[in-house]
1. Consider region 46-67. How many of its residues are surrounded by 15 or more Cβ atoms within 10 Å (Cβ to Cβ) and polar (S, T, N, Q)?
2. Determine whether Ile271 is buried (at least 22 other Cβ atoms within 10 Å of the Cβ), of a type in the set (Val, Ile, Thr) and touching a helix residue (DSSP H, G or I) at 6+ places or on another chain (Cβ under 6 Å).
3. What number of residues within region 44-64 satisfy the criterion of being out of contact with any Gly (no Cβ under 9 Å at 6 or more places or on another chain) and under 18 Å from Gly5 (Cβ atoms)?
4. Against the condition at pLDDT 85 or above and either touching a Cys at 6+ places or on another chain (Cβ under 7 Å) or surrounded by fewer than 17 Cβ atoms within 10 Å (Cβ to Cβ) (or both), how does Gly241 come out, does it pass?
5. Can you pull out every residue in region 325-362 that is closer than 30 Å to Trp256 by Cα and of a type in the set (Ser, Thr, Tyr)?
6. Determine which member of the set Leu97, Leu104 is of a type in the set (A, V, I, L, M) and either modelled with pLDDT of 90 or more or in contact with an Asp or Glu (Cβ under 6 Å, 6 or more places away or on another chain) (or both).
7. Could you tell me which of the residues Leu73, Leu69, Leu31 is without any contact (Cβ under 8 Å) to a residue 24 or more places away in the chain and of a type outside the set (Gly, Ala, Ser)?
Amino acid sequence: MRPGGLGWAIVLAGLPWSYFLLRLLRPFEHLDLWHAQTFWVQLGVLTMAGVQAQQKVKLGHLPSAAWWLVLWLTAFMLWQFTTVTRPGQPYPAPLLLGVANLWLILLMLLLLSGQSAQILQYITQAIFWSGCFLICYGWLQVANLDPFFRFLDGSRTTDSLVGTIGNTTHFACQLALWLPFALIQPGWRKLWALPALGLIAVSFSATAAVAAGVILLAYLWRVSRPLSLLSGAALGLAGAGWSLTHSVWLNPFGRWETWRAWWDILQEQTILGGGLGFTKYVTGQLPEAHPLKMWKHLHNEYYQLWIEGGLIGLALLGWLGWQLWQRRSHGQPSDFRWACVAILLGFGLISTLSFPAHLWQLGSYGCVALTGWLVTTQETV
């Protein structure tokens, strides 16, 4: 096993625990959850770039649409915020960090796609076992036996299910994306999917439940198509009954209201968008009492890309999806390849009601799945 494989396993499997690990060190004891995980990823990716350069591991090849999408978002955002949106004002540092993280993700994809399929499967095994510990930790939180968040952040209540990501819905979505890693395990290891599904159920997250249900149906379709049809009908009826008694839109200023409010802004930014970070900039200028103040993310990645990257950004994302789809006939089918497809499918579904691309723990699963698909569908496999 190359040191690169071990290094990536530490970076990606250790990411959920980075907040606890870094807070043990005096220079990082005041970092919040998001900045701790951001620093962990930045340090890890740059370190692995040095390791792979020393090992002379070549960078992988990404679809051309990925490059055009990143270049468009970067160039237009720099132009928009320096000449239009903020004339004569200093450039906002948080938005510069967003650009840096965008290119960091691109570098991560290039580095990971330069690894072999065997190395990527080794990395996913590490993520699988890390997820097993997350599940145990989640059930401790359900039992109100979690001492870590109370110790690190006295303002946080620890009687709720938040995992190491700090939010119930986000944690449930993370477990949904983790499910394919469990379902491709041999023998009894598959059973780890059951306590994960239990946590998703007690989280009452409709977003995670839909993603987990679709992933399970995809798995059952692969194993037994008649069984998948029966299970699909049962899940559909259960989902319909649940939706009649529970509504994710009970908040008077929830998703629908937020999307409608942003629609008025979108009318002026339809083609080009407002630039990367535009939603965060606008909400930052609102008074504290404004209902949109808390919605820095629109809980729909496609809608947010439309607002920030315009129709051009959406078209480039669609082009990227088409390029990935065209690779489906390349390479040989395998459990690992199926898991990558299932994670990407779940990621796409979650993106309609949440913002997984803006969360490091969920985004890292997406990066591994995307590079796994690219590596296993190379024509020269």
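The values are calculated or read from the model by the stated rules, or taken from the named source; none is laboratory data. Just so we're clear, the structure is a prediction, and the values are computed from it rather than from any experiment. Cβ sites come from the backbone with ideal geometry, for glycine too, and all protein chains shown count toward neighbours.
1. Here the count works out to 1.
2. Here the answer is no, as Ile271 does not meet what is asked.
3. Counting residues in region 44-64 that are out of contact with any Gly (no Cβ under 9 Å at 6 or more places or on another chain) and under 18 Å from Gly5 (Cβ atoms) gives 7.
4. On the way: at pLDDT 85 or above: no; either touching a Cys at 6+ places or on another chain (Cβ under 7 Å) or surrounded by fewer than 17 Cβ atoms within 10 Å (Cβ to Cβ) (or both): yes.
No: the conditions fail for Gly241.
5. Ser351, Thr352, Ser354
6. Leu104
7. On the way: Leu73 fails: without any contact (Cβ under 8 Å) to a residue 24 or more places away in the chain; Leu69 fails: without any contact (Cβ under 8 Å) to a residue 24 or more places away in the chain.
After applying the criteria, what remains is Leu31.
Yes or no, residue by residue, for (1) of a type outside the set (Ser, Thr, Tyr); (2) part of a helix (DSSP H, G or I); (3) in contact (Cβ under 8 Å) with a residue 60 or more places away in the chain:
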| site | (1), (2), (3) |
| --- | --- |
| Leu107 | yes, yes, yes |
| Leu111 | yes, yes, yes |
| Gln115 | yes, no, yes |
| Leu120 | yes, yes, yes |
| Ser130 | no, yes, yes |
| Gly138 | yes, yes, yes |
| Gln141 | yes, yes, no |
| Asp146 | yes, no, no |
